[in-house]
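The values are calculated or read from the model by the stated rules, or taken from the named source; none is laboratory data. Note that the structure is a prediction, hence the values are computed from the model and not measured. For neighbour counting, all protein chains shown are included, and Cβ atoms are generated from backbone atoms with ideal geometry for every residue, glycine included.
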Amino acid sequence: MDFTWTSDQVALREKARTVAEDAVNKYGRFNDTWMNGYSREFSRELAKHKWIGMTWPVEYGGGGRPPIERLIVGEEMISAGAPIAASWFADRQMGPALISYGTKAQQDAFLPQMLSGETTWCIGMSEPNSGSDLASLKTFAARDGDEFVINGQKIWTSFGELADYCYLICRTSSDGSPHEGISEIIVPMNTPGIEVRTIKDMTTNSHFCEVFYTDVRVPASNLVGALGGAFKQTMRQLEHERGGIDRLVSNHALYKMALEQADRKDALVRQEIAAL
Ligand SMILES: Cc1cc2nc3c(=O)[nH]c(=O)nc-3n(C[C@H](O)[C@H](O)[C@H](O)COP(=O)(O)OP(=O)(O)OC[C@H]3O[C@@H](n4cnc5c(N)ncnc54)[C@H](O)[C@@H]3O)c2cc1C
């Protein structure tokens, strides 16, 4: 296996670094920027460079490029702290989820807006009593004619306040085992009945939100994939999140920052750095 960067990859990295540095000068530097650095304007710039949906198949409007190229751009953006959050979730997992499980109508409606950096998506998964044990979630979507009526509460919904759409994981049936009866539904965040309360965390960031759904009506055609059989879809969707470089590169940026500020003449400090 050849680990040498190709000249095209080196050029892409240099270009991404320049764009990221310019963005930091313009918008500021953000830690965990895929979560905290929110700028729709910069998302549109990413789109102009075709750096959203880089790896999505060409037939869905994506770049059809190899994952290593997305990794290069992501590494540069996140280590510089450029504000990529407004389009990151859509690029990383909502777009790929719709490509895998969405209807043609959903793909036609939502993918182009993601690729142009125009829309922000949030993920409505966790609930006050359903975190790691996601299958215990209770938010319920009841079918009523050609609509779903959604009631329940989500928590830790990053960008709940700013997003245009929520990719909601909810229950459409209480029958069977906990992993059955779970469905994924696209919910426009301006739908009546949605109340969003932001949560400021101890680091002062405020992307987390509580989202309350009271008789929220969405078209039944917003169901993504299998009715009541979406737990596997959700696990697949989360692979895009867990398999990503986001946290690793964020941590590396913090490590480098700590290194710059640490008194490395002190042996104990050196030991602490080594332990990182
Ligand atoms: C930065 C960040 C962004 C997030 N963004 C979103 C988002 O956009 N949308 C969303 O829906 N959610 C989001 N979340 C929430 C996240 O998905 C949940 O935090 C996660 O599912 C864990 O749930 P919890 O916090 O309730 O922890 P819990 O499930 O209560 O777990 C707490 C601790 O107990 C341990 N534990 C749990 N069950 C067991 C067990 N059976 N045996 C042994 N140990 C156990 C866990 O490993 C953990 O250490 C985000 C979280 C973070 C940190």
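Across region 191-214, what is the number of residues that are touching a Gly at 6+ places or on another chain (Cβ under 6 Å) and within 16 Å of W121 (Cα to Cα)?
Quick first cut of region 191-214, residues touching a Gly at 6+ places or on another chain (Cβ under 6 Å) only: 196, 209, 211, 213-214.
Now drop any that are not within 16 Å of W121 (Cα to Cα), which leaves 196, 209, 211.
Counting residues in region 191-214 that are touching a Gly at 6+ places or on another chain (Cβ under 6 Å) and within 16 Å of W121 (Cα to Cα) gives 3.
Please indicate, with yes or no, whether at least one residue in region 230-239 is loosely packed, with under 13 Cβ neighbours inside 10 Å and under 29 Å from N31 (Cα atoms).
Yes, region 230-239 contains at least one residue that is loosely packed, with under 13 Cβ neighbours inside 10 Å and under 29 Å from N31 (Cα atoms).
At least 1 residues that are surrounded by fewer than 18 Cβ atoms within 10 Å (Cβ to Cβ) in each: list the helices (runs of 4 or more DSSP H) lying fully within region 44-116 that qualify.
Numbers: elements: 67-80, 85-89, 95-101, 104-115.
Output list reads 67-80, 95-101, 104-115.
List the residue pairs whose Cβ atoms are under 6 Å apart, where the first residue sits in region 196-215 and is over 19 Å from N129 (Cα atoms) and in contact (Cβ under 8 Å) with a residue 12 or more places away in the chain, the second is within 13 Å of the ligand (Cβ to nearest atom) and not polar (S, T, N, Q), and the two are 6 or more positions apart or on different chains.
Close Cβ pairs (under 6 Å, with a partner that is within 13 Å of the ligand (Cβ to nearest atom) and not polar (S, T, N, Q)) amount to H207/M35; H207/F159.
Working only within region 82-139, note down all residues that are within 21 Å of E161 (Cβ to Cβ), more than 10 Å from the ligand (Cβ to nearest atom) and aromatic (F, W, Y).
Within region 82-139, W88, F110 meet the criteria.
Inside region 234-259, can you point out the residues that are of a type in the set (A, V, I, L, M), under 16 Å from V73 (Cα atoms) and touching a residue at least 40 places away in the same chain (Cβ under 8 Å)? Quick ask: steps written out before the conclusion?
Going through region 234-259, the residues of a type in the set (A, V, I, L, M) turn out to be 235, 238, 245, 248-249, 253-254, 257-259.
Imposing the further condition that a residue be under 16 Å from V73 (Cα atoms) reduces the set to 245, 248-249, 253.
Hits for region 234-259 are I245, V249, A253.
Does E184 satisfy the criteria of being buried (at least 20 other Cβ atoms within 10 Å of the Cβ), in contact with a helix residue (DSSP H, G or I) (Cβ under 9 Å, 6 or more places away or on another chain), at negative phi and not basic (K, R)? Spell out how you get there, then give the answer.
On the way: buried (at least 20 other Cβ atoms within 10 Å of the Cβ): yes; in contact with a helix residue (DSSP H, G or I) (Cβ under 9 Å, 6 or more places away or on another chain): yes; at negative phi: yes; not basic (K, R): yes.
So E184 fits the description; yes.
Yes or no: S132 modelled with pLDDT under 95 and among the polar types (S, T, N, Q)? Explain how you work it out, then say what you get.
Details: modelled with pLDDT under 95: yes; among the polar types (S, T, N, Q): yes.
Spelling it out, S132 is indeed modelled with pLDDT under 95 and among the polar types (S, T, N, Q).
State all residues of region 21-43 that are over 19 Å from the mean Cα position of the chain (by Cα) and assigned to a helix (DSSP H, G or I); if no residue qualifies, say none.
Scanning region 21-43 gives E21, D22, A23, V24, N25, K26, Y27.
Test each condition in (1) under 21 Å from H252 (Cα atoms); (2) in contact with a helix residue (DSSP H, G or I) (Cβ under 9 Å, 6 or more places away or on another chain) for K50 and report the one that comes out false.
(1)
Just one of (1) part of a loop (DSSP other than H, G, I, E, B); (2) more than 25 Å from the chain's Cα centre (by Cα) trips up L268, so point out which.
All conditions pass for L268, except number (1).
Check every one of the strands (runs of 3 or more DSSP E) wholly within region 148-229 and list those with 2 or more residues that are modelled with pLDDT of 95 or more and more than 16 Å from the ligand (Cβ to nearest atom). Full working, then the answer.
Working: elements: 165-171, 182-188, 194-198, 209-219.
So the answer is 209-219.
Could you tell me whether any residue of region 161-182 is over 21 Å from S100 (Cα atoms) and of a type in the set (K, R)?
No, because not a single residue in region 161-182 is over 21 Å from S100 (Cα atoms) and of a type in the set (K, R).
Against the conditions (1) under 24 Å from the mean Cα position of the chain (by Cα); (2) modelled with pLDDT of 85 or more; (3) farther than 21 Å from F159 by Cβ, where does L248 fall short? Just the number, please.
Failed condition: (2).
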